[in-house]
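Down below is the structure, laid out as structure tokens.
The values are calculated or read from the model by the stated rules, or taken from the named source; none is laboratory data. Computed from a predicted model, the values in this text were never measured in an experiment. Glycine gets a Cβ as well: all are built from the backbone with ideal geometry, and neighbour counts include every protein chain shown.
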């Protein structure tokens, strides 16, 4: 039995915790909402109230990390373009404030959930060998956080960069339905389903793949126009209407490494 702590037990972290418990692991989960603590307990997740701030970490962090072997960090940057420069630096400062607590704990391995937004849009085919060149503030903060964790010699860190997240209760087509003049009709989609996210993390833990980088995107890249038009039809939503102008984005994220190293097969039926 491996003792695992999930920092950020939300949309992805909560069902991930359930899966890891089913696998026979002992799992702690953190939240910033007191009303979720009892929900965690009913699922066998040991609940902790933990909040990361740009200047401090809440008192619960020490107990949360106690006796932990593997720490999974799944907290999104939540950065907006209108934020001030100081607000934009908050995410990486949170991670830097967390690191000393990891160093003092029993944590040996860290899995950091990142995003393919760390890559710019000026590449056609992107692999783990592609140099990150983010063009969003969120991507820039994620790169700094990745480096802060992976350069630390007290623990081993694997970086897992997910593409656009979708699930049964979460799909971008719901926001695009009925809209007009949508940009980049010919741009390839780079999506990953929640179920694949969970299964991939499960494989990294089981196969002990640490101190590495992985891009995690389904090997399924129709154009935005093709994909979202068909998805709207499937869900009986108003069809989105795309611009006739040529796309400026041709970025395709390769998942070849994760398929080869983990011997992982994506469930394309989810898409």
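Filtering 107, 113, 90, 118 for residues that are at pLDDT below 90 and either touching a helix residue (DSSP H, G or I) at 6+ places or on another chain (Cβ under 9 Å) or surrounded by 14 or more Cβ atoms within 10 Å (Cβ to Cβ) (or both) leaves a single hit, 90. Going through (1) surrounded by fewer than 19 Cβ atoms within 10 Å (Cβ to Cβ); (2) touching a strand residue (DSSP E or B) at 6+ places or on another chain (Cβ under 6 Å); (3) under 15 Å from residue 77 (Cα atoms) one by one, residue 144 falls short only on (2). If the condition is being surrounded by 15 or more Cβ atoms within 10 Å (Cβ to Cβ) and touching a helix residue (DSSP H, G or I) at 6+ places or on another chain (Cβ under 7 Å), then the stretch 41-68 contributes 43, 45, 47, 48, 49, 50, 52, 57, 61, 65. Look through 20, 111 and report the one residue that is closer than 21 Å to residue 143 by Cα, within 21 Å of the chain's Cα centre (by Cα) and not in a loop (DSSP other than H, G, I, E, B). None of the others qualify; the one that does is 111. So which residues in the stretch 173-199 are assigned to a helix (DSSP H, G or I) and surrounded by fewer than 21 Cβ atoms within 10 Å (Cβ to Cβ), if there are any at all? 173, 174, 175, 176, 194, 195, 198, 199 - these are the residues of the stretch 173-199 that are assigned to a helix (DSSP H, G or I) and surrounded by fewer than 21 Cβ atoms within 10 Å (Cβ to Cβ).
Within the stretch 201-212, the set of residues being closer than 26 Å to residue 123 by Cβ and surrounded by fewer than 20 Cβ atoms within 10 Å (Cβ to Cβ) comprises 209, 211, 212. Among the residues of the stretch 242-257, those that are over 13 Å from residue 126 (Cβ atoms) and in contact with a helix residue (DSSP H, G or I) (Cβ under 9 Å, 6 or more places away or on another chain) comprise 242, 247. For residue 71, are the conditions met, namely being surrounded by fewer than 21 Cβ atoms within 10 Å (Cβ to Cβ), touching a residue at least 24 places away in the same chain (Cβ under 8 Å) and within 20 Å of the chain's Cα centre (by Cα)? Judged against the criteria, residue 71 is not a match. What number of residues within the stretch 26-39 satisfy the criterion of being touching a helix residue (DSSP H, G or I) at 6+ places or on another chain (Cβ under 8 Å) and either under 14 Å from residue 68 (Cβ atoms) or not in a strand (DSSP E or B) (or both)? Residues meeting the conditions: 4. For residue 100, the test of being part of a helix (DSSP H, G or I) and either touching a helix residue (DSSP H, G or I) at 6+ places or on another chain (Cβ under 8 Å) or free of Cβ contacts under 8 Å to residues at least 60 places away in the same chain (or both) is passed.
Restricting attention to the stretch 153-172, the residues that are touching a strand residue (DSSP E or B) at 6+ places or on another chain (Cβ under 8 Å), part of a strand (DSSP E or B) and within 21 Å of residue 220 (Cα to Cα) total 7.
Given the structure, is residue 236 at positive phi and either touching a strand residue (DSSP E or B) at 6+ places or on another chain (Cβ under 8 Å) or part of a loop (DSSP other than H, G, I, E, B) (or both)? Considered against the rule, which asks whether it is at positive phi and either touching a strand residue (DSSP E or B) at 6+ places or on another chain (Cβ under 8 Å) or part of a loop (DSSP other than H, G, I, E, B) (or both), residue 236 comes out as yes.
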